[in-house]
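K.L.:
Okay, here's the structure, questions in a sec.
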Amino acid sequence: MESPRVLFAAVAIVAASLPLAMSPPAAQAAPDGHIPLSVLREATLEVPAWPADDVRGPSGTLRFHLGEVPIEPRTVAAGEPPFGDAVTILAVTYGDVDRDGADETIVVFGCLIEGGSKQIVAYDRDRTGQIVSLGQVAATTGEVRDIRQAGVRVDDSGAVSVPVADYQRCCADATPQTWQTRGYARRHDRFVQVSGPPRMPENPHITDTTLTSGELRLGPKKNGSRYGSVTVTISHRRGAHPEKVTLLFAPPAGLRRSGDWPRVTSEPDGFSVTVAAPPAGGSSTHTFAFRRPAAATGGELSIDLATVPELSPVIPWATTATAPITVG
């Protein structure tokens, strides 16, 4: 039988051989997500998709140089959102939005062409030092049409405070804007609004009244001409409700009015008619007849919309339509 002294020595040897990992590991410091502007201006960043109802631009993995990513010029159909000239870093601020004890970087991007889209994105660094996106905080979409980038801040709770407006001015535009401050916080890996008004009040100076058009289809030859009609739809979505709307037609050479028309006013680039506005929140359709020499082919009819009284359009490209002229 072994002596107590031998047993004690054996236990001591076993204890000494146990792995040190049994002790609680020391807590690691959160990565430093405070990314200087000088680094961001030359960085590769993940940029979320731009709003579908505002100026468009590239998204995904973008390589910035001098704070910009140029956009190749593109032509879009009438009534569609245009593309901006460049994706630009407009402003940067810092704060602990994920509550890990270290700052993250909040970037305001613009995709602009005489005004345009803005979005706010939060960035951090991972354990390897790589810049990673925490997601889009806010963007100019729906009722929000502008962001005052100089006023974006992170408060003590980690929420991002964002001044937003219901209209974006451009150039010499002096249309009155309605401004609100809304707060956005990270919840379950995404940002949601947590403070501020949920809706914009009606602004009596702006309207979301839009125009769409079908094609102008001309029929068989008849006495040397072809006859047809085009149907346009006018919709009031939100904002001030106009009393009437004026449609300005810019026809190609040879295209003439036919049949019964409302009172017509001559314009430098064509002619216009004024009709009743659609009901508030609703739509109305109007059909207009034309004729053209039978030998003429192709072309398109441009139509623009203005409100009476004059109101500033929330989405300016939605007040223009192009009707292709077809024969069939």
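K.L.:
For the chain, what does the helix formula give at 222 nm: sum of -39500 (n - 2.57) over DSSP H segments with n ≥ 4, over the residue count, nearest 500 deg cm²/dmol? Can you show the working numbers first?
P.N.:
Numbers: 2 runs with 18 residues, N = 328.
So the helix-based figure for the chain works out to -1500 deg cm²/dmol.
K.L.:
To the nearest 10 degrees, how steeply does helix 4-17 sit against the main Cα axis of the chain, on a 0 to 90 scale?
P.N.:
30
K.L.:
In addition: Based on alpha-carbon centroids, what's the gap between region 250-328 and region 44-91 in Å, whole number please?
P.N.:
31
K.L.:
Among 34, 236, 241, which comes first, then next, by fewest other beta-carbon atoms within 10 Å?
P.N.:
34, 241, 236
K.L.:
While we're on this one: If you project the alpha carbons of the chain onto the principal axes, what extent comes out on each, in Å, largest first?
P.N.:
In descending order, the Cα extents are 127, 41, 41 Å.
K.L.:
For residue 299, which sequence-distant residues (separation of 5 or more, or a different chain) have an amide H within less than 5 Å of its own amide H, given hydrogens modelled in the peptide plane?
P.N.:
325
K.L.:
For the chain, give the share of DSSP beta bridges that are antiparallel, in percent and rounded to the nearest 5; count only bridges with both residues there.
P.N.:
95
Here, each number is a calculation from the coordinates, and none is a lab measurement. These numbers were taken from a predicted model, which means no experiment stands behind them. Neighbour counts are summed over all protein chains in view; Cβ atoms, including those assigned to glycine, are modelled from backbone coordinates with ideal geometry.
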